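S.K.: First, the structure itself, so that you have it in front of you.
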């Protein structure tokens with residue numbers, strides 16, 4: 001993951017529970033043509049126990065960096081290039097603010113993974129999402145950009161190195177340009193936006209509003225050809 005703010009990036013999020021070798025092969029081929037910058041691997045639940053297998057497949061068949069996007073402390077493998085160490089600063093669940101991090105800390109120290117301390121903000125998306133249910137937290141209202149902006153600023157002041165605005169997997173609505181703009185004006189660290197992005201137009205809007213990195217996942221799970229649509233996006 002390039003944290004240079006001068007370069008816009010597109011990442012593909014892979015949920016190991018929702019893929020298999022055949023699907024991964026198609027994603028790898030399509031991602032090469034679409035010039036995807038890197039991969040994120042993780043999910044709210046991992047039932048198949050194939051996290052490491054997924055990471056190794058992507059590294060072998062794409063030559064792109066693969067970073068962990070963990071839903072819990074068990075979703076860690078030293079085979080990845082790094083990890084977005086997420087702190088759910090929009091919620092008040094102590095386990096997701098620091099508790100899980102304490103459990104994972106010794107393994108992360110041994111793993112030598114590149115750690116990106118990331119402030120994770122859930123934004124209301126129109127429907128309840130898996131991440132809001134599993135995390136037992138209330139998303140920031142979609143019509144309150146000032147709350148998102150101040151929360152992101154607090155994260156930066158605490159020393160976090162990235163901010164991730166998340167509408168949630170399968171979100172009805174993506175994070176609005178108003179929220180992205182408000183957060184971008186408030187912080188000086190990289191801004192990542194994901195959830196509910198289903199068109200090249202939405203991705204372009206997110207970039208123009210101030211996103212440095214855009215993450216797509218569900219749209220590809222439903223239609224791999226979506227990667228064809230975004231290969232010529234102006235970042």
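S.K.: So, in the range 185-202, exactly how many residues are over 25 Å from residue 226 (Cβ atoms) and either assigned to a helix (DSSP H, G or I) or without any contact (Cβ under 8 Å) to a residue 12 or more places away in the chain (or both)?
M.R.: Counting residues in the range 185-202 that are over 25 Å from residue 226 (Cβ atoms) and either assigned to a helix (DSSP H, G or I) or without any contact (Cβ under 8 Å) to a residue 12 or more places away in the chain (or both) gives 2.
S.K.: I would also like to ask the following. Residue 174 - would you say it is assigned to a loop (DSSP other than H, G, I, E, B), at pLDDT 95 or above and either on the phi > 0 side of the Ramachandran plot or touching a helix residue (DSSP H, G or I) at 6+ places or on another chain (Cβ under 6 Å) (or both)?
M.R.: Judged against the criteria, residue 174 is a match.
S.K.: Taking the range 52-73 only, how many residues are assigned to a strand (DSSP E or B) and more than 17 Å from the chain's Cα centre (by Cα)?
M.R.: 0
S.K.: Is it fair to say residue 127 is in a loop (DSSP other than H, G, I, E, B), out of contact with any helix residue (DSSP H, G or I) (no Cβ under 7 Å at 6 or more places or on another chain), at pLDDT below 95 and surrounded by fewer than 18 Cβ atoms within 10 Å (Cβ to Cβ)?
M.R.: Taking the combined requirement at face value, the residue satisfies it.
S.K.: Would you call residue 40 under 26 Å from residue 203 (Cβ atoms) and modelled with pLDDT of 95 or more?
M.R.: It is true that residue 40 is under 26 Å from residue 203 (Cβ atoms) and modelled with pLDDT of 95 or more.
S.K.: Still on this structure, I have one more. Within the range 55-95, take every residue that is free of Cβ contacts under 8 Å to residues at least 24 places away in the same chain and within 19 Å of residue 34 (Cβ to Cβ) and give me the one that is surrounded by the most Cβ atoms within 10 Å (Cβ to Cβ).
M.R.: Among those that are free of Cβ contacts under 8 Å to residues at least 24 places away in the same chain and within 19 Å of residue 34 (Cβ to Cβ), it is 59.
S.K.: Residue 147: crowded, with 22+ Cβ neighbours inside 10 Å and part of a helix (DSSP H, G or I), yes or no?
M.R.: Answer is no for this residue.
S.K.: Can you pull out the residues in the range 74-111 that are in a loop (DSSP other than H, G, I, E, B) and more than 19 Å from residue 193 (Cα to Cα)?
M.R.: Across the range 74-111, the qualifying residues are 74, 75, 76, 77, 78, 79, 80, 81, 92, 93.
The values are calculated or read from the model by the stated rules, or taken from the named source; none is laboratory data. Since the model is a prediction, treat every value here as computed from it, not as a measurement. We place every Cβ from the backbone using ideal geometry, glycine too, and count neighbours over all the protein chains shown.
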